[in-house]
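**Student:** Please read through the structure below; I'll follow up with questions.
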Amino acid sequence: MKELRAKTKEKLLIRVCHSCLKLNESHRELERCQHCSKSFLPLRYFDKIHHEKDAKWENHFSMSDTLEDEDLIKGLFVLW
């Protein structure tokens, strides 16, 4: 018998750039806008900075599968 593996459905993170108002889509939090290159801070910035002081900057940006609706900023983000 073949082993059936459950497929995990990756969440798509959609973010509106607060500078150029373009949509950015990714499976990971983006560090910069894909259109105007405006820098973004990670979600839950203060929690991550105080708990992970020695971590690399890139490690503060989460994968979309680990994010919940409570983590998002309403009006700028959506998980699809």
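**Student:** Checking the structure you have, find out if any residue of segment 30-45 is open to solvent by less than 80 Å² (accessible area, probe 1.4 Å), modelled with pLDDT under 90, not small (Gly, Ala, Ser) and not in a strand (DSSP E or B).
**Tutor:** Narrowing segment 30-45 to residues open to solvent by less than 80 Å² (accessible area, probe 1.4 Å): 30-31, 33, 36-37, 39-40, 42-43, 45.
From what is left, the residues that are modelled with pLDDT under 90 are 45.
Now narrow it down to the ones that are not small (Gly, Ala, Ser): 45.
Filter once more, keeping what is not in a strand (DSSP E or B): 45.
Yes.
**Student:** Right, another one. Please enumerate the residues belonging to segment 65-80 that are in contact (Cβ under 8 Å) with a residue 24 or more places away in the chain and either within 11 Å of the chain's Cα centre (by Cα) or at negative phi (or both).
**Tutor:** 65, 67, 71, 72, 73, 76, 77, 78, 79, 80
**Student:** I'd like the full set of residues that are closer than 22 Å to residue 20 by Cα and out of contact with any Asp or Glu (no Cβ under 9 Å at 6 or more places or on another chain), limited to segment 46-77. If you could, list the steps in order and put the result at the bottom.
**Tutor:** Let us first name the residues in segment 46-77 that are closer than 22 Å to residue 20 by Cα, namely 61, 72-77.
Answer for segment 46-77, where residues must be closer than 22 Å to residue 20 by Cα and out of contact with any Asp or Glu (no Cβ under 9 Å at 6 or more places or on another chain): 72, 73, 74, 75, 76.
**Student:** Okay, moving on. Taking residue 70 and the conditions (1) touching a helix residue (DSSP H, G or I) at 6+ places or on another chain (Cβ under 8 Å); (2) assigned to a helix (DSSP H, G or I), which numbered condition does it fall short on, given that it satisfies the others?
**Tutor:** Going through the list (1) touching a helix residue (DSSP H, G or I) at 6+ places or on another chain (Cβ under 8 Å); (2) assigned to a helix (DSSP H, G or I), residue 70 breaks only (1).
**Student:** How about segment 30-80: which of its residues are over 13 Å from residue 15 (Cβ atoms) and among the aromatic types (Phe, Trp, Tyr)?
**Tutor:** If the condition is that a residue be over 13 Å from residue 15 (Cβ atoms) and among the aromatic types (Phe, Trp, Tyr), then 45, 46, 57 are the ones that fit.
The values are calculated or read from the model by the stated rules, or taken from the named source; none is laboratory data. What you see is a predicted model, and the numbers here were worked out from it, not measured in a lab. As a convention, Cβ positions derive from the backbone with ideal geometry for all residues, glycine included, and neighbour counts pool all protein chains shown. Accessible surface is based on the protein model in full, side chains and every heavy atom, while ligands, DNA and RNA are left aside. Shrake-Rupley method; radii C 1.70, N 1.55, O 1.52, S 1.80 Å.
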